[in-house]
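Colleague: This is the structure I want to talk about, given as structure tokens.
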Amino acid sequence: MQNIAIFGATGSIGGSTLDVLSHYPDRYNVFALTANSRLDELVKLCEQFKPRIAVTADETKKSELAAKLAERGLKSIEVWAGQDDLVKLAALPEVDVAVLAIVGAAGLAPTFSAARAGKRLLLANKESVVCGGALLMQTIRESGAELLPVDSEHNAIFQCLASASDAQRSKARIILTASGGPFRKRMDLSGVTPEDAVAHPTWNMGQKISVDSATLMNKGLEVIEASWLFGFPADRIDVVIHPQSLIHSMVEYADGCILAQMGAPDMRTPIAYSLGWPERLDGFAKRVDFAALGSVTFEAPDTKRFPQLSYAYEALRSGGCASIVLNAANEIAVEAFLARRIGFTDIARACREMMDTLVMPAPRSLEEVLDADHLARVKTREVIARW
Ligand code: NAD
Ligand code: MG
């Protein structure tokens, strides 16, 4: 029986994880659930899964959470609160697996904590790899933690690289697939609303990643993520648009052979793979019907309409804090876009402006990563406020 702690349990990945876990009650125990501030949803999940610990990231809501749990007769669940408790939970000896499904750079501290404590990390929070990649990979090597990528593309690459030797990897090329998002065919992006942007054609996800998919920032973050997770330089990572989301990504070897991982677009599959690895659990996601699918297509990404994809390559190549700055500028700009304070194309504009003005040396510790992230957020808010 393995104890599972889900960071970001009320989100889209959190929900898919709980759905997978509910199929394997004899194998996995839901040990802890965390949420930001949607307490009612957290309490509902506590009622259903009866974890030992419930955590709200918002320290001011601790007593409110305790009262809500008590109201439902769930007094035995321990109530924790705040960033420090998230960090403490990730390192708790009873926790075997940490599912890192918090959105944004807020996921950095718990991710690093789980890595330092040598846990199995089911890592969905790509922003922590984008911001702290070098340090995170070093921490994992030193602690002996296991990192299983949940992001579907990286889960696919992990599978396609499984039998490769170091020599083979050193000459291989990663081909990341992208659905292209809701605006693949929309030429004029000036009037895009938040409602248009979150309507993703093939995946059902949280708001922030849905907007990132619409700008192709998501694919850009995934290029940086792939580079750190698999040790591939920017020039051996390609992106191709593949609207049907059948192929989740590919690896091309030196001899020209290409391995592709396929499946229905359902996050429960990479989650179950990561939970069960190196075994394979019996899946319950929809199976691919090739005959019904008919054809699959590919096209090049349009970096004129979606410049954030090229900004990510630029950030990866320039090093320093560029990826942290890009990620923070994007998070703040997406928040402003969703609140209707700026337009859709202003998201890329904010990223460009911050990358041009804020240049810092590479961080040497998690604290320096968090400082750079904080500074970039403050500066982005100032820039947006001036527009
Ligand atoms: P979501 O918005 O649906 O859920 C986010 C979760 O994080 C919620 O439980 C929320 O309570 C929690 N949270 C938000 N802000 C927080 C904070 N400041 N402190 C602590 N907790 C906080 O997001 P999602 O779509 O589930 O995505 C989660 C992560 O997984 C993201 O990094 C995303 O890029 C990645 N991811 C998601 C998908 C997907 O299909 N949804 C696919 C691949 C990768
Ligand atoms: Mg992905």
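None of the figures in this text is laboratory data; all of them are computed from the coordinates on show. As the structure is a computational prediction, the values presented were derived from the model and not from experiment. For neighbour counting, all protein chains shown are included, and Cβ atoms are generated from backbone atoms with ideal geometry for every residue, glycine included.
Colleague: Treating only the Cβ atoms of Lys and Arg (+1) and Asp and Glu (-1) as charged, compute the dipole magnitude of the chain about its Cα centre; round to the nearest 20 debye.
Modeller: My answer is approximately 240 debye.
Colleague: Let me make sure I get this right: for the chain, a, b and c are the square roots of the gyration tensor eigenvalues over alpha carbons, sorted descending. Under 1.5 in a/c it's rounded, otherwise prolate if a/b > b/c, else oblate. Which is it?
Modeller: Rounded is the answer for the chain, as its axis ratio a/c remains below 1.5.
Colleague: Going down the list Lys75/Lys208; Lys88/Lys286; Lys50/Lys379; Lys219/Lys379, which pairs span over 31 Å between their C-alpha atoms?
Modeller: Where the Cα-Cα span goes over 31 Å, the pairs concerned are Lys75/Lys208; Lys88/Lys286; Lys50/Lys379.
Colleague: Starting from the amide H of Gly104, placed 1.01 Å from N in the peptide plane, find each other amide H under 5 Å away whose residue is 5 or more places distant or on another chain.
Modeller: Glu127
Colleague: Using the Karplus equation 6.51 cos²θ - 1.76 cosθ + 1.60 (θ = phi - 60°), what ³J(HN,Hα) coupling, rounded to whole Hz, does each residue of the range 252-260 give in order, writing x for Gly and Pro?
Modeller: Values, residue by residue: 9, 8, 4, 7, x, 6, 10, 9, 10 Hz.
Colleague: Then there's this: Run the helix sum for the chain: -39,500 (n - 2.57) per DSSP H stretch of 4+ residues, divided by residue count, reported at 222 nm to the nearest 500 deg cm²/dmol.
Modeller: Helix contribution divided over all residues of the chain: -14500 deg cm²/dmol.
Colleague: Could you tell me the distance between the Cα centroids of the range 161-181 and the range 352-387, to the nearest Å?
Modeller: 31
Colleague: Another question, then. What share of the DSSP beta bridges in the chain is antiparallel, in percent to the nearest 5?
Modeller: Taking every DSSP beta bridge within the chain, about 25 percent pair in antiparallel fashion.
Colleague: With an 8 Å Cα cut-off and a minimum separation of 6 or more residues, compute the relative contact order for the range 2-150 in percent.
Modeller: In percent, rounded to a whole number, it is 21.
Colleague: Sticking with the crude label model, points 7 Å out along Cα→Cβ, report the distance from Asp238 to Met360 in nm, one decimal please.
Modeller: Between Asp238 and Met360, the simple spin-label model gives 3.6 nm.
Colleague: Can you pull out the trypsin sites (Lys or Arg not before Pro) in the range 277-322 whose DSSP state is coil and whose Cβ has at most 14 other Cβ atoms within 10 Å?
Modeller: Taking the range 277-322 and a limit of 14 other Cβ atoms within 10 Å, the loop trypsin sites (Lys or Arg not before Pro) found are Arg280, Lys286, Arg287, Lys304.
Colleague: So, counting K/R as plus one and D/E as minus one, what does the shell of residues with Cβ under 14 Å around Pro149 add up to?
Modeller: Taking every Cβ under 14 Å from that of Pro149, the sum is -4.
Colleague: Along the range 328-341, what does the Karplus equation 6.51 cos²θ - 1.76 cosθ + 1.60 (θ = phi - 60°) give for ³J(HN,Hα), rounded to whole Hz, x for Gly and Pro?
Modeller: These are the phi-based 3J(HN,Hα) values: 5, 4, 5, 4, 5, 5, 5, 4, 5, 5, 5, 8, 6, 8 Hz.
Colleague: Now a separate question. Quick one: Karplus J couplings for the range 301-310, per residue in order, coefficients 6.51, -1.76, 1.60, θ = phi - 60°, nearest Hz, x for Gly and Pro?
Modeller: x, 9, 7, 6, 6, 10, x, 5, 5, 6
Colleague: Pulled fully out, how much extra length does the chain show between Asp19 and Asp371, if you take 0.36 nm times their separation in residues and subtract their Cα-Cα distance?
Modeller: Once the chain is fully extended between Asp19 and Asp371, it gains 123.1 nm.
Colleague: Taking the dipole about the Cα centre of the range 2-150, with the C-beta of Lys and Arg at +1 and of Asp and Glu at -1, give me whichever of Gly11, Ala81, Val129 is farthest to the positive side.
Modeller: So the residue we want is Val129.
Colleague: For the range 207-268, how big is the tail of P(r) above 16 Å, as a whole percent of Cα pairs?
Modeller: Tail of the P(r) past 16 Å holds 56 percent of the pairs.
Colleague: Right, something else. Of the options Ser143, Ala292, Ile175, report the single residue whose Cα projects farthest towards the positive end of the charge dipole of the chain (beta-carbon charges: Lys, Arg +1; Asp, Glu -1).
Modeller: Value: Ala292.
Colleague: Once the other residues with Cβ under 11 Å from the Cβ of Ile224 are scored (Lys, Arg +1; Asp, Glu -1), what is the net sum?
Modeller: Around Ile224, the charge tally is -1.
Colleague: Okay, next question. Which residue, chosen from Leu370, Met355, Leu338, occupies the Cα position most advanced towards the positive end of the dipole of the range 337-387, where the dipole is computed from +1 (Lys, Arg) and -1 (Asp, Glu) charges on Cβ about the Cα centre?
Modeller: Leu338
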